[in-house]
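> Before I ask anything, let me first share the structure, which is written out below as structure tokens.
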Amino acid sequence: MSKIVGKWQITVGVLAGFTYEFKADGSFNGEFPMYGIKFAGTYKVDESVTPHLVDLDVKEHNQGDLGKGLVQGIFEVDGDMLKMKLNEPNKGRWTDPTAYVYYKKVG
């Protein structure tokens, strides 16, 4: 099972409350309650390289089609901390680990 499986939340800063939940069956959902944003889809990871690669296929987004599509990025898991950076939908893979966003494991 991938290290990314679980529920992760940004706990500090302007994005506090933003969550991703990655499930063992390859599905995920995300939520940013402050703005009423919810989205879901499927994901794939490649943990054979460092940083690890993550591809999110956003199939549902309550803000419309602009949030849908392939979202590519990188991640690392360190204990109960997920360091991840994703690009915008259909814009290619984000590759710079110095821009990681930090998520704490909450479930």
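The values are calculated or read from the model by the stated rules, or taken from the named source; none is laboratory data. This is a predicted model, so every value here is computed, not measured. Positions of Cβ are generated from backbone atoms using ideal geometry, with glycine treated the same way; all protein chains shown enter the neighbour counts.
> Name the one entry in 19, 42 that is touching a Lys or Arg at 6+ places or on another chain (Cβ under 9 Å), surrounded by 11 or more Cβ atoms within 10 Å (Cβ to Cβ), among the polar types (S, T, N, Q) and without any contact (Cβ under 8 Å) to a residue 40 or more places away in the chain.
Going through 19, 42 in turn, just one is touching a Lys or Arg at 6+ places or on another chain (Cβ under 9 Å), surrounded by 11 or more Cβ atoms within 10 Å (Cβ to Cβ), among the polar types (S, T, N, Q) and without any contact (Cβ under 8 Å) to a residue 40 or more places away in the chain: 42.
> Still on this structure: Return the residues of segment 61-89 that are farther than 16 Å from residue 38 by Cβ and surrounded by fewer than 12 Cβ atoms within 10 Å (Cβ to Cβ); say none if nothing qualifies.
Residues satisfying the conditions are 78, 79, 80.
> Considering each residue of segment 10-35, count those that are at positive phi and at pLDDT 95 or above, and give that number.
Going through segment 10-35 one residue at a time, the tally reaches 2.
> Still on this model: If I filter segment 52-107 down to residues being of a type in the set (Asp, Glu) and assigned to a strand (DSSP E or B), which single residue comes out as nearest to the chain's Cα centre (by Cα)?
Once the filter is applied, the top-ranked residue is 55.
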